[in-house]
1. What number of residues within region B:149-191 satisfy the criterion of being more than 26 Å from the chain's Cα centre (by Cα) and under 20 Å from A:THR182 (Cα atoms)?
2. Which residue out of A:ASP264, A:ASP334 is modelled with pLDDT under 95, acidic (Asp, Glu), surrounded by fewer than 21 Cβ atoms within 10 Å (Cβ to Cβ) and part of a helix (DSSP H, G or I)?
3. Just need a number here: residues in region B:21-44 that are in a loop (DSSP other than H, G, I, E, B) and either at pLDDT below 85 or touching a Leu at 6+ places or on another chain (Cβ under 9 Å) (or both).
4. Failed condition for B:LYS233, given (1) in contact (Cβ under 8 Å) with a residue 24 or more places away in the chain; (2) among the basic types (Lys, Arg); (3) surrounded by fewer than 18 Cβ atoms within 10 Å (Cβ to Cβ), with all others met?
5. Given the residues B:LEU138, B:LEU147, which is the only one that is surrounded by 14 or more Cβ atoms within 10 Å (Cβ to Cβ) and within 14 Å of another protein chain (Cβ to nearest Cβ)?
6. Name every residue in region A:131-155 that is assigned to a loop (DSSP other than H, G, I, E, B) and within 14 Å of chain B (Cβ to nearest Cβ), in order of residue number.
7. Scan region A:285-294 and give yes if some residue there is under 24 Å from A:SER91 (Cα atoms), in contact (Cβ under 8 Å) with a residue 60 or more places away in the chain, more than 21 Å from the chain's Cα centre (by Cα) and in a helix (DSSP H, G or I), otherwise no.
8. Anything in region B:308-350 that is touching a Ser or Thr at 6+ places or on another chain (Cβ under 7 Å) and under 20 Å from B:ALA292 (Cα atoms)? List them, or say none.
Amino acid sequence: MKLKLATMALTGLMAAAPAMADLVFPSLSYRTGPYAAGGIPFADGYADYFTLLNERDGGIGGVMTNVIECETGYNTEKGVECYEATKGEGSLVYQPLSTGITYQLIPKVTADGIPLHTMGYGRTSAANGKVFSHVFNYPANYWDGASIAVNHLLDINGGDLSGKKIALVYHNSAYGKEPIRTLEELSAKHGYELTTIAVDHPGQEQKSQWLQIRRERPDYVLMWGWGVMNQVAIQEAANIRFPMENFIGVWWSGSENDVLPAGDGANGYKSLALHGTGSDYPIYADIQKYVVDAGKAAGAGDQIGSVLYSRGLYAAMLAAEAAKKAQEIHGTGDITPAMMRDGMEALEITAATLEGNGMPGFGPEFAVSCDNHGGPGLGMVQQWDATAKKWNIITDMIQSDKDVINALVVEDSEAFAAENNIEMRCN
Amino acid sequence: MLYREAGDFHTSYKDDSQTFPIKFDRYRYYAVLAVAFGVIPFIINDYWASAVFVPFLIYAIAAIGLNILTGYCGQVSLGTGGFMAVGAYACYKLMTGFPDVSIVIHVILSGGITAAVGVLFGLPSLRIKGFYLAVATLAAQFFLVWLFNKVPWFYNYSASGQINAPERSVLGVVVTGPNTEAWAKYMICLVFVVACAWIARNLTRGATGRRWMAIRDMDIAAEIIGVNPLGAKLSAFAVSSFFIGIAGALFFSVYLGAVEVGEAFGINKSFLVLFMIIIGGLGSIFGSFAGAAFMVLLPVLLKNVLVGGLGWATDLAAHLEFMIVGGLIVLFLIVEPHGLAQLWRLTKEKLRLWPFPH
C-alpha cells in the first residue's frame with residue numbers, strides 16, 4: 001500500500017509542479033530574542049518529528065513532508081510577515097507558539113481557509129468550534145490549566161480551599177491575562193482569595209512583585225510565565241524562601257531552562273504537564289536512529305529529551321495524525337489546507353495511536369468534533385527533582401472543571417461572533 | 001546631465017519657492033505618484049502588502065511625525081511608541097463605540113486625540129530640553145503603555161487585554177479586518193501618507209515651520225526675534241502627535257488587526273522610528289520616507305536573501321540581520337550624520353554640476 005502510494009506520489013511529482021508535491025508544515029519558530037530558550041527546543045522537536053516520518057516511513061501516507069522554518073523572534077509583526085510569506089506554499093497548518101501571533105492569525109487563517117492549531121495556548125474560547133471554524137486548541141487550553149491547578153490544590157487540601165490565599169504571577173500580556181477570569185470564577189466557587197500580580201515583558205525585573213508576595217504570604221503561588229520570566233521568578237521565589245512545592249507554574253513554565261538556573265533552590269517546584277516528560281518513550285530510540293545518527297537533527301541537536309522538545313514532538317504528532325485523517329477522509333495523499341481542516345476536526349487520538357507512534361501514555365485520549373475544538377481539558381502535575389535534575393509526573397490526569405469553563409467559553413466566543421458577524425456552524 | 005538647470009528659469013517667487021523647483025525633480029515626483037496610485041494597486045499581492053508596502057507607508061507617517069518634532073523643532077522625543085498606542089486605542093474605542101461612522105473619520109479623530117495627549121506631554125518642553133526632555137517623553141512612553149494595559153475600559157474589558165479591529169469599509173470597500181484585499185489596505189495607507197506628507201511639507205516651509213526651525217537652531221535668539229516658544233513648541237508637539245496618532249491608528253486597524261499594547265507599542269517602537277529619522281535625515285520629509293524604507297525593507301530583504309536564497313539557518317540569518325542593520329546604523333552615523341536625505345542632496349548637487357565640478 002505504502003509502495004503504491006509512494007509510486008503514485010512519485011508519478012504525481014513528475015506530472016505536477018514540484019513545489020506542490022510535499023506536505024508543507026510551516027514552523028513559525030523563534031530561535032532569537034528573549035523567548036528563544038522556549039522557542040528553540042519546540043522548533044527542534046517539531047522539525048525532528050517530520051524528519052523522522054520522512055526517514056522512517058517515507059512521509060505521511062507516502063507523501064514526503066517539508067517543514068519551512070520562518071524566524072519570528074516572538075514578534076507579531078514578523079509573525080504576520082512569516083505567515084504571508086509561507087501561506088502560498090501550500091501550508092497545511094500553522095502552530096505559532098505565541099499568543100500574540102495567534103491573535104493576529106485567527107481572523108487571517110479563517111479568511112484564507114488554513115487551519116491554526118494552538119496547542120495549550122492561544123485564544124481559549126477558540127475551543128468553541130461553532131464560532132472558530134479554523135482554529136483548534138486541543139488537547140487543553142489555559143482555562144483548563146487554571147482549573148487543573150486549582151483542582152490539584154483541592155486534592156492536596158482535602159477538597160477545601162476556603163480561606164486560602166492564592167497569588168497569580170502573570171506575564172502582563174494577552175497570554176498572562178487569560179487565566180484571570182477562570183481563577184476569579186473558581187475563587188467564587190471554592191472560596192479562596194485571589195491576588196493577581198503582573199510582570200512586564202520580558203520579565204527580568206521582578207523584585208517588587210516578590211516583595212509583595214513576601215508581604216502578603218499567599219498559601220500558593222500560580223505562575224503564567226514564559227521565557228526568561230520563569231527563571232527569574234523561580235530564582236526570586238527561592239531567594240525569599242517561598243516553599244517551592246506551593247509554587248505551581250502553567251505548562252509553559254515547566255521546562256529545564258526554567259529550573260536549572262536556580263540550582264537546588266528550585267527543588268520541589270511544580271508545574272502543570274500537558275504530556276509525559278523524559279526520554280523513556282520508544283520514539284526517542286527512533287529519533288536517535290533515524291534523525292540524530294543520520295546527522296539530520298534540527299538546530300544544534302542538544303535539546304533532545306527536554307520538556308519543550310517533547311512538546312514539539314507532540315505538536316508535530318498531532319498535526320501528522322490530522323494529516324493522516326485528512327488523507328483517509330478525502331482519499332488522496334496530496335491534501336490541501338481545507339482537507340487538513342477536516343482532518344483536524346475528525347481527529348481521534350486513542351491509546352493505540354499513541355502507542356503506534358512510540359509515545360504510549362504520552363498524552364490524553366481524545367476526539368475532536370465540530371463544536372468542540374478544545375479537547376478534553378486533561379493535564380497532569382510534574383515536580384522538579386533538583387538532585388536528579390529531572391521532572392517527575394506526580395499525579396494522574398486531572399480533569400478541569402468543565403461546568404465553569406464551558407460557560408466562559410460560550411460567553412466569550414459568542415461575544416466574538418457578535419462583534420464579527422460570524423454565523424454559528426455545526427447546527 | 002539629468003539635473004540640468006539650463007532652460008529651467010523661474011520668473012516669480014512662487015515658482016522659485018515651490019516644493020520641487022527643478023523640473024526633472026517635479027516630473028520624477030509625478031511619476032512616483034502615478035506608479036504608486038496607478039500601477040502598484042493592480043499588481044500587489046498579500047505578501048507585498050503585509051510585509052513591505054503597508055508597514056513602509058505607516059512607518060513613513062510616524063517618521064514624518066517624529067521628524068517634525070525632532071528634526072524641525074529640535075525637541076528630542078522617545079515617546080513615539082506611546083503616542084502610536086494612543087492613536088491605536090483611540091481608533092479602537094471610536095470604531096467600537098461608533099460603528100456607523102466612517103473609518104477615515106475615526107483615523108483622523110484618533111490623530112486629533114493623540115495631538116491633545118501629545119500637547120499634554122509636551123508641556124515640560126517649555127522648561128527642559130535635550131536629554132532631559134527625552135527622559136520626560138520616555139516617561140510618556142512607559143506611562144501610556146502601562147495605562148492601556150491597566151485600565152480595562154480601553155480594551156473593552158476583553159479577557160485577554162487585546163484589541164481587535166472589526167470589519168469596516170470605505171466607499172463599500174472593506175479596509176480593516178481579515179477579508180481586506182491587499183490593494184485596499186495599500187490604497188488607504190497610501191492616501192493617508194500622501195495627505196500627511198503634503199500637509200507636513202507645506203507646514204514646514206511656511207511661517208509655522210520657520211518658527212519651529214528658529215526654536216531648533218537657537219531658542220533664545222528665536223524668542224528675541226519674536227517667536228513665541230510656547231506656541232511653537234506646543235504646535236510642534238500637536239502636529240507631530242497628530243501624524244503619529246494616525247500612524248498608530250492605521251498600524252492597528254489596517255496593518256495588524258489585533259494589537260497587544262506592550263508588545264506592539266513598546267519602547268522598541270520608539271527607537272525604531274527614531275532610527276528611521278536619524279538614518280533618513282533629520283528635518284527632511286524625503287528623509288522620513290527613505291528612513292522608513294531602509295528600516296522596513298532591509299530586514300525583509302536580508303531575510304529573503306539569506307534564508308530564502310542561500311538556505312541558511314533561520315537563527316543564524318536573524319542574528320546576522322541584527323549585526324548588519326546595527327552596523328549600517330553606526331556606519332551612517334559616522335559617514336553621513338545627516339542621513340540618506342543628505343546623500344541624495346549631495347548626489348543631486350553633483351549631478352547638476354556634472355561634468356564640470358568646481
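The values are calculated or read from the model by the stated rules, or taken from the named source; none is laboratory data. Keep in mind it's a predicted model, so treat the numbers as computed, not measured. Positions of Cβ are generated from backbone atoms using ideal geometry, with glycine treated the same way; all protein chains shown enter the neighbour counts.
1. Number satisfying all stated conditions: 10.
2. Details: A:ASP334 fails: part of a helix (DSSP H, G or I).
On inspection, the qualifying residue turns out to be A:ASP264.
3. Kept after step one, since they are in a loop (DSSP other than H, G, I, E, B), are these residues of region B:21-44: B:21-22, B:39, B:44.
Add one more test, that the residue is either at pLDDT below 85 or touching a Leu at 6+ places or on another chain (Cβ under 9 Å) (or both), and what stays is B:21-22.
Adding up the residues that qualify gives 2.
4. Going through (1) in contact (Cβ under 8 Å) with a residue 24 or more places away in the chain; (2) among the basic types (Lys, Arg); (3) surrounded by fewer than 18 Cβ atoms within 10 Å (Cβ to Cβ) one by one, B:LYS233 breaks only (3).
5. Values: B:LEU138 fails: within 14 Å of another protein chain (Cβ to nearest Cβ).
Just one listed residue meets the conditions, B:LEU147.
6. Within region A:131-155, the first condition is being assigned to a loop (DSSP other than H, G, I, E, B), and the residues that meet it are A:131-134, A:137-141.
Within region A:131-155, A:VAL131, A:PHE132, A:SER133, A:HIS134, A:ASN137, A:ASN141 meet the criteria.
7. Step one: of region A:285-294, the residues under 24 Å from A:SER91 (Cα atoms) are A:291.
Filter again for in contact (Cβ under 8 Å) with a residue 60 or more places away in the chain, leaving A:291.
Applying the additional criterion that residues be more than 21 Å from the chain's Cα centre (by Cα) yields A:291.
This time we only want the ones that are in a helix (DSSP H, G or I), so: A:291.
Yes: one or more hits.
8. The initial filter retains those residues of region B:308-350 that are touching a Ser or Thr at 6+ places or on another chain (Cβ under 7 Å), namely B:314-315, B:318-319, B:341.
Once the filter is applied, which keeps residues that are touching a Ser or Thr at 6+ places or on another chain (Cβ under 7 Å) and under 20 Å from B:ALA292 (Cα atoms), region B:308-350 yields B:ALA318, B:ALA341.
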